[in-house]
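Worksheet for the structure shown next.
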Amino acid sequence: MEEGKVFLVGAGPGDPKLITVKGLEAIKEADVLIYDYLANEQLLAKASTDVEKIYAGKKAGDHTYTQKEINDIIVNKAKRGKVVTRLKGGDPFIFGRGGEEAEYLQENGVEFEIVPGITSPIAVPAYAGIPLTHRDFNSSVSFVTGHEAPNKEESSLDWEKLATATGTIVFLMGVGNLAKNVAKLKEHGRDPETPAALIRWGTKPEQKTVSGTLNNIVERVEKANLKPPAITIVGEVVQLRDKIKWFENEPLFGKRVLVTRSRTQASSLSKKLYRLGAEPIECPAIKIVPPEDFAQLDKALLKADEYDWAVFTSVNGVKAVVNRLKELGRDVRAFGSAKICAIGSKTAAELENWGLKVDYVPEKYVSESILSGLDDDLTGEKFLLPRSDISRPALPDGLKKRGAEVNNVTAYRTVTGEGNEKALELIDKGEVDIVTFTSSSTVRNFIKMLDSRDYNGLLKSVTIACIGPITAGTAGEFGLEVDIIAEEYTIEGLVEAVLNNT
C-alpha cells in the first residue's frame, strides 16, 4: 500500500480568512482532518464531504487526546495511505508542538510538509490596534508562554533577563498566571507604569480587550471577568491602541449574523457583512435545483421567439434558462424580438451578461410592480414567466386579468437547504445577534429547520432583517417580529438597512 502524507498546517489565530492559500489547499485535499480547539468551523467546512474529521483539541483541564496519542493517530492514518492534514491554531512551530509532531513523523518514516500559519501573538495585537514594534517606542519583542504549571515552585523562565530585555513582551495562554507573571516582571525591574493589555478571542467577533498598566491590569482583568483564551502584551506600544484600533471600530463588530440564502448565493451577502466587522454564519435554508421534468420548460424555450415578453424575476431564473438553452443547442437569440423584463438590478445585470438587452426594470423589485409599467389592456400579448415552482401567483394572475396569455413555467425548484447544525446550536445558546431573510422561502424553510424548537422564544431577542415587505410579511405569519426591512429590495439594500438599524 502506498503511504500517505501529512501536512502540519497553521490555521491562523481565529479569523478564517487569515488561513494561507497553501493551508486552505491542504484542508481541501485531506482524507483525514485532525483539528484543534481553536480551529474555525468555516475552515472545517472547506474540507471534502467524505473527509474523516478527528477532534484533538486541548484546553485548560480538558484534553481529548494526549500528545502521544495524537502523534500515533497521525502516523497510523498516514501509514494507511491517507493524506492527513493536522490543523493547528496559529502557527505549528510557535507554542504549537508542531516540532514534536514533525520529529515523530520523521522518526516513523512518514512524508510531511510544514505549512506555516499567521501566529496569534502577531495577528491578535494587530486586530487590537497594537503594533508590536514601533520606531518611536521599541525595536525588539519577545514571545513567551504564560502557562507554566500553577503548582510549579520554580519558573523555567529567566525573569531577571526577560523583564527588561525587550521593549515588548507577549505572553500566550497566561490568564491564569497573570498575577504571578506581572509580579515577576515588576520584581525584576520592569516599570510598574508600563502599559499592558489582554486580548481575548482575538481576530474574532467576540474579541475583547482590557488595557491598563502593570500596576492595575490584574485588577481590571478580574473586574472584566476575562477568561482564556487570551494574549497578554506588555510594553509602551500598548498605548497606541487608542489611536489605531480598527477592528473593534468596524460598524458591525461583534455581531454574529445568520445568512439563510442558498449555499451558492450566500457568499455575496457574507462577504459584505464580513467587511463590516460581522461574523457571517451560513445556514442555507433553501437550495436551488432543476425541475423534476424539463418538458414544459423545453417546450416554452423552443418557441421563445413567439412571446411578446419574457419576464425574469430572479438571477436563478436567468441562469436556469440560459443553461437549459445550452442543453437544447440554442442560445439567447432564441428570444428573437421578445421584450425582456427583469425584476431587480442584479437580474438585469445577469441578463445583460448573456447578451440580452433588458427593456424594462420596475422601480420596486417585487412582482406586483411589473404591472404598473405595462398597458392596462394586454389582450393577445404572450408572456413567458420562467420562475421557481413556489413563486407567488400575483404576477401571472395580474397579467391574465389584463387579457394576457401567460405561460408560467417552472425553470427551477426551491427546496429546503442543507442547513448548518452549528448555526442551530448558536441559536439554541442565544449567541446569534441577527438573522437575515432574503425571500419568503428562506423564512419558511428556516422555521422548518428549527423543528420542534420554540422558535418564537429563541428568536425573541434576535434582530430579524428582511429584504423587503413580502419576505417580512411571511415572517410575520410565523409570529416573528421583524426589526429591519430593506427599502431597496437587494442584498446591498439589506446590508445598508442592517447598518442603519444596528
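The values are calculated or read from the model by the stated rules, or taken from the named source; none is laboratory data. Computed from a predicted structure; not experimentally measured. Reconstructed Cβ throughout: ideal geometry from the backbone, glycine too, with neighbour counts over all protein chains shown.
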Condition set within 13 Å of Val6 (Cα to Cα) and outside any helix (DSSP H, G or I), scope the stretch 64-87, selection nearest to the chain's Cα centre (by Cα): answer is Leu87
Okay, strands (runs of 3 or more DSSP E) sitting entirely in the stretch 274-363 with 2 or more residues that are touching an Asp or Glu at 6+ places or on another chain (Cβ under 7 Å), I get 339-342
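This table checks each residue for (1) over 11 Å from Leu8 (Cα atoms); (2) at pLDDT below 95.
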residue: Phe95; (1), (2): yes, yes
residue: Gly98; (1), (2): no, yes
residue: Pro125; (1), (2): yes, no
residue: Leu132; (1), (2): yes, no
Screening Ile343, Ile286 for residues that are within 21 Å of Leu371 (Cβ to Cβ), among the β-branched types (Val, Ile, Thr) and touching a Ser or Thr at 6+ places or on another chain (Cβ under 6 Å) leaves only Ile343
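Out of Gly403, Gly398, Gly493, which single residue is in contact (Cβ under 8 Å) with a residue 12 or more places away in the chain, surrounded by fewer than 20 Cβ atoms within 10 Å (Cβ to Cβ), out of contact with any Cys (no Cβ under 9 Å at 6 or more places or on another chain) and on the phi > 0 side of the Ramachandran plot? Walk me through how you get there before you give the answer.
Numbers: Gly398 fails: on the phi > 0 side of the Ramachandran plot; Gly493 fails: on the phi > 0 side of the Ramachandran plot.
From the options Gly403, Gly398, Gly493, the qualifying one is Gly403.
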Checklist entry - Is it true that Ser262 is over 25 Å from Val170 (Cα atoms) and in contact with a Lys or Arg (Cβ under 6 Å, 6 or more places away or on another chain)? => result yes
Output for Cβ contacts, cut-off 6 Å, separation at least six or different chains, first residue outside any strand (DSSP E or B) in the stretch 135-153, second among the small types (Gly, Ala, Ser) and at pLDDT 85 or above, reads Ser140/Gly167
Exactly one of Gly96, Gly57, Gly117, Gly89 is at negative phi and in contact with a His (Cβ under 9 Å, 6 or more places away or on another chain), and that one is Gly57
- Could we say that Val361 is free of Cβ contacts under 8 Å to residues at least 40 places away in the same chain and touching a helix residue (DSSP H, G or I) at 6+ places or on another chain (Cβ under 6 Å) here? yes
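If a residue counts only when it is farther than 24 Å from Thr264 by Cβ, in contact with a Lys or Arg (Cβ under 6 Å, 6 or more places away or on another chain) and not hydrophobic (A, V, I, L, M, F, W, C), which strands (runs of 3 or more DSSP E) contained entirely in the stretch 402-485 have at least 1 such residues?
On the way: elements: 405-416, 434-437, 463-466.
The qualifying strands (runs of 3 or more DSSP E) are 405-416.
Does Leu351 satisfy being buried (at least 17 other Cβ atoms within 10 Å of the Cβ) and modelled with pLDDT of 95 or more? Spell out the reasoning first.
Values: buried (at least 17 other Cβ atoms within 10 Å of the Cβ): yes; modelled with pLDDT of 95 or more: yes.
Against the criterion (buried (at least 17 other Cβ atoms within 10 Å of the Cβ) and modelled with pLDDT of 95 or more), Leu351 qualifies.
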The lone condition Ile70 fails out of (1) crowded, with 16+ Cβ neighbours inside 10 Å; (2) over 30 Å from Ser142 (Cβ atoms); (3) in contact with a helix residue (DSSP H, G or I) (Cβ under 8 Å, 6 or more places away or on another chain); (4) not small (Gly, Ala, Ser) is (2)
Those residues of the stretch 24-42 which are out of contact with any Asp or Glu (no Cβ under 7 Å at 6 or more places or on another chain) and either surrounded by fewer than 22 Cβ atoms within 10 Å (Cβ to Cβ) or assigned to a loop (DSSP other than H, G, I, E, B) (or both) amount to Leu24, Glu25, Lys28, Glu29, Ala30, Asp36, Tyr37, Leu38, Ala39, Asn40, Glu41, Gln42
